[in-house]
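One structure below.
The values are calculated or read from the model by the stated rules, or taken from the named source; none is laboratory data. Source: prediction; values computed, not measured. In this analysis, Cβ positions are derived from the backbone assuming ideal geometry, glycine residues included, and neighbour counts consider all displayed protein chains. When the accessible area is computed, the model is the full protein with side chains, heavy atoms only, and any ligands, DNA or RNA have been set aside. Shrake-Rupley method; radii C 1.70, N 1.55, O 1.52, S 1.80 Å.
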Amino acid sequence: MSLAERITPAVVRRVAALLAVLALAACVEQPSVSRPPVQEPVTPAAPAVPPPRAPEVQPPLQPPPPSVKPLAPLAGYPKSLAASGAGPAVLALARQAQESRSAGRYDAALGQWERALRIEPRNAFIWQSIAETQLFLKNSEQAESAAQKSNSLGRGNPWVESANWRLIAAARTARGDSAGAQQAASRAEALVAAINAAQQAQAAAAAAASSAAATAASPSP
Amino acid sequence: MIRIQSPLLRWLLIGLALSISIGLVVLSFWLVRLDREVRTLYAGVRWVLPAQVYAAPLELYPGARIKLPELKRELDRLGYRASDELTGPGTYVLAADEIRIDTRGFAFWDGVQAESRVAIRCDDSAVSAIRAMGSDQSVDLLRLDPMLIGSIYPSHSGEDRVLVKLADVPPLLPATLIRVEDRNFEHHFGVSPIGILRALINNQLHSGKKQGGSTLTQQLIRNLFLTNEQSYGRKIREALMAILLERHVSKDEILEAYLNEVWLGQDGSRAIHGFGLASQFYFNKPLNELRPAEIALLVGIAKGPTVYNPRKYPERVKERRDLVLRLMTDGGLIREDEREAEALSSLGVLNNVAGGVERYPAFIDLVRRQVKGLYREEDLGSEGLRIFTTLDPRAQEMLEARIIADLPGLEASRKMKADSLQAAGVVTSVEGGDVLAIVGDRNVRYPGFNRALDSQRPIGSLAKPFVFLAALADPGRYNLYSQILDEPVELRQPNGQLWAPKNYDRQLHGTVPLFAALAKSYNLPTVKVGLDIGVDRVHDLMQAAGLENPPRLPSMFLGAINASPLDVAQMYSTLAASGYLTPLLAIREVMTKDGKPLSRYSFKLKQTLPEGPVYLTTWAMQKVIEFGTARWAVSVLPAGQKFAGKTGTTDDARDSWFAGYGADRVAVIWVGRDDNKPVGLDGAAGALRIWGRLMRDLDARGIDLAPPAGIEEVSIDPQTGLRGDEGCAGVVLVPFLEGAAPSDYASCANAGQSSPLEWLKDIFR
């Protein structure tokens, strides 16, 4: 089959769409928060993900408005336990754990977080609090494991993940693993940068939208 | 004779005077020594206080998955009494749409749960609201008092007791005790001369029958320090020691010691000491909730718990109880009309021993093993430690009920004799490693061989998920839709024997996708994949999942691995928890007898299996239930919810296994025979039946289907395992490790020949 035979109008459209997507992907790379830019710091030599992974992106017929894609995830992710849909029982236990922690009774706080966990075992914020409490108790391995578990359940929540990587960095520092701590800290930083970028973009988009709304009550495209 | 008589008399008199003096000196010395002995003995009295073992408390909160009838059942199990109005802690009122409870206070490890009156509403699946009575305040969270499920008492003496303080017991109890046993207690000096005299005369008249006459102090001395031998020497010693003790110790202290020391019953090898435990043992409630008739019963049987065993001789005990009730009225302790009402009541003694090791022997066995390494044997038996465990009495009773209910049906289905099958089961939480329920024998109260922990049986196909996990962890070579040829495999074993496994159905199935080989539990593809991936890799993953010392032989792919149901629960809970290993724990906290926190046992967590491949394996294990060997379970599991599991059958169907999980519960069931004869039940026909209904009864939640990071879902043409799209019939969305999905399109796909990637590749080729 010759090249010419293959170039049908459909193919042309698809290629155009692909190129558009690739270009778009390049533009929005930085604020893509669901995946930390520092992919796998342990093996930096490994080849990165093959660049044209376009086929997974369903080729859209028209390019989406550029502001939507990076912002949707941030908007959808809860920032705190209270916003995570936790029930009143878990929130009550969180308050108790907070009191225990303020009183320096970290073991009691851990027990209260574990009670909360039995009620909502898949809540990433509870796992994160367990990690934090384990760190107070100087159980750095347990702190790191719980933070990892929180990452697993966080499903790409950048707030959860950045805090977890900070906890992991602290846990590794406590163990004397400074290289590992550095890697974890840079992941946390990258996530924070991504959050900031996304928030700026969001603010800009909001400003643009409001100015657009202010300037004209013109018909929508 | 006469000549020497006078000096003899003189000498005799002198001798007499001398010996009296010496006697008095000796007596004083003896008394001083005895006094010292009493003091040191009494100071050294350390109550034998076995460790008390508690179940996990029921946590009630809006959203807690419990219905009103179950809540009522829970309260009944805790010994709460149903009534028309709340009359004090430990009572409840069941109304049409809510349950009102006066909860008992309890000092937990992390704080006191105060007594409270609450009204709880439930909808048809969960608690919908909790309201503090007398106010409109809603309650976020409430812990009921935990159920006392047993004690760890020393095997040599078998002494079991729950310590009480005089200040905490209802005043009617000591008052009745004094009235019945030692009316003059408040005023005598340790012995009651009149009592002794009366007893002496009586015992002379009726030599066979021994009458008391001894004071509470004397009884205490006898129980604490002396043997039960009946001799005047001992009697005198006892009386003197009682007098001496009263010089050092207050009446209240003596009374309190008596309340805790007295023997009040026997439960096999376990001796029930003290009123605190007796109240639990006979009535399943704390002392301060006893009615006058119940107090009368306990005081009555103190006279002789063998003769007055209320479970054996209810009529004799009722007579005795009513006599005590009359003594209460005579003493002005209760009014006559109260006595009449109380005397009408039945004994109220529970037929089954509440709590005690007999109730959940398999679980207590696990607790005993887990605390063994943590505390010294003598401390466990004597220090009154309070051990708080993970046991969920509801899950435990559901597991017991299932095994009891389902085994006869399984026997009938294979025309087996009744009671020829045995079974064991374990239920754990997915996160946190809590052991929630254990059954080690179909006779669930029998404290014998604990199959859940000690029976080591080949696990059969339960091993297969780990073979495929090892394959899926190698995304360059395998994915869920890898096409595996089902063909004969022959292997020379290290011992020279030829190993030629067969499929269970003795058929060959052509080419099958990897996940279907697991779902249908085909042996030959499993062995093929296992050999390709390597024994060591599979071995390492099983070990990482928590199995100790798995073998390193190809036969392990098909489960030639001996393990107990608890071992399997450990392995499968690591899969259920996305690859995080948490050693299963039965204990959470230990407190001292005074309620001070001693130690807490947090779960330990470590990621030992890669999350993505575990997700893929779990996906394949869902297919076991959707259309594989366990599809029967679809008929009992809640519609629309996904569970993952695996059947296990060993050679000639000697062992029938099922292990599986949802989002919050892991359950493992084994069915087989103790003599290891074939049972004719494969995993699906046997253990699965119990497992499926159990998961339904447990109200287990289905698996969270959202894929973790590092997983992409791709439309696949099921015929070829290649990418498909709307051009293919019945494409399915299949998870892959990122970058591991097939890049080629199936021929049916519209995009097939001209995917942009292909096209780009062609350009640069």
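Please determine, by comparing only the residues of region B:628-653 that are more than 30 Å from the chain's Cα centre (by Cα) and within 24 Å of B:LYS677 (Cβ to Cβ), which one is surrounded by the most Cβ atoms within 10 Å (Cβ to Cβ). Going through the qualifying residues, I end up with B:THR629. Within region B:604-620, identify whether any single residue is more than 14 Å from chain A (Cβ to nearest Cβ), open to solvent by 10 Å² or more (accessible area, probe 1.4 Å), touching a residue at least 40 places away in the same chain (Cβ under 8 Å) and part of a strand (DSSP E or B), and answer yes or no. No, region B:604-620 has no match at all.
Go through B:ARG46, B:ARG10, B:ARG65, B:ARG77 for me and flag whichever is surrounded by 11 or more Cβ atoms within 10 Å (Cβ to Cβ), more than 14 Å from chain A (Cβ to nearest Cβ) and not β-branched (Val, Ile, Thr).
On the way: B:ARG46 fails: surrounded by 11 or more Cβ atoms within 10 Å (Cβ to Cβ); B:ARG10 fails: surrounded by 11 or more Cβ atoms within 10 Å (Cβ to Cβ); B:ARG65 fails: more than 14 Å from chain A (Cβ to nearest Cβ).
Every option except B:ARG77 fails the conditions.
A quick yes/no check of all residues on (1) of a type outside the set (Ser, Thr, Tyr); (2) touching a Pro at 6+ places or on another chain (Cβ under 9 Å); (3) open to solvent by less than 20 Å² (accessible area, probe 1.4 Å); (4) not assigned by TED's automatic domain parsing to the domain that holds B:ARG316:
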site	(1), (2), (3), (4)
B:GLU246	yes, no, no, no
B:VAL249	yes, no, yes, no
B:ILE254	yes, no, yes, no
B:SER269	no, no, no, no
B:PHE283	yes, no, yes, no
B:GLU289	yes, yes, yes, no
B:GLU294	yes, no, yes, no
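Taking the conditions (1) open to solvent by 80 Å² or more (accessible area, probe 1.4 Å); (2) without any contact (Cβ under 8 Å) to a residue 40 or more places away in the chain in turn, B:ALA17 satisfies each one other than (1). Look through B:ARG339, B:ARG326 and report the one residue that is basic (Lys, Arg) and buried (at least 16 other Cβ atoms within 10 Å of the Cβ). On inspection, the qualifying residue turns out to be B:ARG339.
Give region A:96-132 a look and list any residue that's open to solvent by 50 Å² or more (accessible area, probe 1.4 Å), in a helix (DSSP H, G or I) and more than 9 Å from chain B (Cβ to nearest Cβ), or say none. Reasoning before the result, please.
Within region A:96-132, the first condition is being open to solvent by 50 Å² or more (accessible area, probe 1.4 Å), and the residues that meet it are A:96, A:98-99, A:101-103, A:105-107, A:118, A:122, A:132.
Now drop any that are not in a helix (DSSP H, G or I), which leaves A:96, A:98-99, A:101-102, A:106-107, A:118, A:132.
Scanning region A:96-132 gives A:GLN98, A:GLU99, A:ARG101, A:SER102, A:TYR106, A:GLU132.
Listed by position, the strands (runs of 3 or more DSSP E) inside region B:634-695 whose residues that are among the small types (Gly, Ala, Ser) number at least 3 are B:644-649, B:655-661. For the condition out of contact with any strand residue (DSSP E or B) (no Cβ under 9 Å at 6 or more places or on another chain) and of a type in the set (A, V, I, L, M, F, W, C), B:LEU60 does not qualify.
As a summary of the residue check, B:LEU366 satisfies the conditions (1) more than 22 Å from B:MET571 (Cβ to Cβ); (2) under 11 Å from the mean Cα position of the chain (by Cα) except for the one numbered (1). Residues of region A:158-207 that are surrounded by fewer than 16 Cβ atoms within 10 Å (Cβ to Cβ), more than 14 Å from the chain's Cα centre (by Cα) and either among the basic types (Lys, Arg) or under 28 Å from A:GLY76 (Cβ atoms) (or both): A:ARG175, A:GLN200, A:ALA203, A:ALA204, A:ALA206, A:ALA207.
Just to be sure I understand, how many residues within region B:418-434 are surrounded by fewer than 24 Cβ atoms within 10 Å (Cβ to Cβ) and touching a helix residue (DSSP H, G or I) at 6+ places or on another chain (Cβ under 7 Å)?
Taking region B:418-434 as the starting set, the residues that turn out to be surrounded by fewer than 24 Cβ atoms within 10 Å (Cβ to Cβ) are B:418-422, B:432.
Add one more test, that the residue is touching a helix residue (DSSP H, G or I) at 6+ places or on another chain (Cβ under 7 Å), and what stays is B:418, B:420-422, B:432.
So the answer is 5.
For region A:139-157, name all the residues that are in a loop (DSSP other than H, G, I, E, B) and open to solvent by less than 40 Å² (accessible area, probe 1.4 Å). Residues satisfying the conditions are A:GLY156, A:ASN157. Among the residues that make up region B:417-425, is at least one of them out of contact with any strand residue (DSSP E or B) (no Cβ under 7 Å at 6 or more places or on another chain), hydroxyl-bearing (Ser, Thr, Tyr), assigned to a loop (DSSP other than H, G, I, E, B) and away from chain A (no Cβ under 14 Å)? Looking for residues that are out of contact with any strand residue (DSSP E or B) (no Cβ under 7 Å at 6 or more places or on another chain), hydroxyl-bearing (Ser, Thr, Tyr), assigned to a loop (DSSP other than H, G, I, E, B) and away from chain A (no Cβ under 14 Å), one finds at least one in region B:417-425, hence yes.
Please state which one of B:VAL93, B:VAL127, B:VAL162 is among the hydrophobic types (A, V, I, L, M, F, W, C), touching a residue at least 40 places away in the same chain (Cβ under 8 Å) and over 18 Å from B:THR592 (Cα atoms). Quick ask: steps written out before the conclusion?
On the way: B:VAL93 fails: touching a residue at least 40 places away in the same chain (Cβ under 8 Å); B:VAL162 fails: over 18 Å from B:THR592 (Cα atoms).
Within the list B:VAL93, B:VAL127, B:VAL162, the selection yields B:VAL127.
Consider B:LEU259 carefully, then state whether it is under 27 Å from B:GLU115 (Cα atoms) and touching a helix residue (DSSP H, G or I) at 6+ places or on another chain (Cβ under 6 Å).
Working: under 27 Å from B:GLU115 (Cα atoms): yes; touching a helix residue (DSSP H, G or I) at 6+ places or on another chain (Cβ under 6 Å): yes.
So B:LEU259 fits the description; yes.
Every condition in (1) within 22 Å of the chain's Cα centre (by Cα); (2) not in a strand (DSSP E or B) is met by B:GLY134 except one, and the failing one is (1).
Does region B:373-408 hold any residues that are among the acidic types (Asp, Glu) and within 19 Å of the chain's Cα centre (by Cα), and which are they? Explain how you work it out, then say what you get.
Filtering region B:373-408 down to residues among the acidic types (Asp, Glu) leaves B:377-379, B:383, B:392, B:397, B:400, B:406.
Within region B:373-408, B:ASP392, B:GLU397, B:GLU400 meet the criteria.
Run down B:GLY331, B:GLY304 and say which single residue is touching a Lys or Arg at 6+ places or on another chain (Cβ under 6 Å) and surrounded by fewer than 22 Cβ atoms within 10 Å (Cβ to Cβ). Within the list B:GLY331, B:GLY304, the selection yields B:GLY331.
If only residues of region A:133-146 that are within 17 Å of A:ALA94 (Cα to Cα) and at the interface with chain B (Cβ under 10 Å from one of its Cβ atoms) are counted, the one that is nearest to the chain's Cα centre (by Cα) is A:ALA146.
Yes/no per residue for (1) outside any strand (DSSP E or B); (2) within 14 Å of chain A (Cβ to nearest Cβ); (3) open to solvent by 10 Å² or more (accessible area, probe 1.4 Å):
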| site | (1), (2), (3) |
| --- | --- |
| B:LYS72 | yes, no, yes |
| B:VAL93 | no, no, yes |
| B:ALA107 | no, yes, yes |
| B:ALA119 | no, no, no |
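Listed by first and then second residue, the pairs linking a residue in region B:356-385 that is closer than 20 Å to B:LYS593 by Cβ to a residue that is of a type in the set (Phe, Trp, Tyr), with Cβ atoms under 6 Å apart and 6 or more places separating them unless they lie on different chains, are B:GLY381/B:TYR153.
Against the conditions (1) within 14 Å of chain A (Cβ to nearest Cβ); (2) open to solvent by 10 Å² or more (accessible area, probe 1.4 Å); (3) closer than 30 Å to A:ARG105 by Cβ; (4) hydroxyl-bearing (Ser, Thr, Tyr), B:THR592 satisfies every one except (1).
Within region B:385-408, at least one residue is open to solvent by less than 10 Å² (accessible area, probe 1.4 Å), away from chain A (no Cβ under 14 Å) and in contact with a Gly (Cβ under 8 Å, 6 or more places away or on another chain). Within the option set B:SER656, B:SER602, being under 28 Å from the mean Cα position of the chain (by Cα), of a type in the set (S, T, N, Q) and under 28 Å from B:TYR54 (Cβ atoms) holds for one residue only, B:SER602. Taking (1) closer than 30 Å to B:PRO638 by Cβ; (2) in contact with a helix residue (DSSP H, G or I) (Cβ under 7 Å, 6 or more places away or on another chain); (3) open to solvent by 20 Å² or more (accessible area, probe 1.4 Å); (4) modelled with pLDDT under 95 in turn, B:PRO718 satisfies each apart from (2).
Restricting attention to region B:662-712, the residues being buried (at least 24 other Cβ atoms within 10 Å of the Cβ), closer than 26 Å to B:VAL614 by Cβ and away from chain A (no Cβ under 14 Å) number 12.
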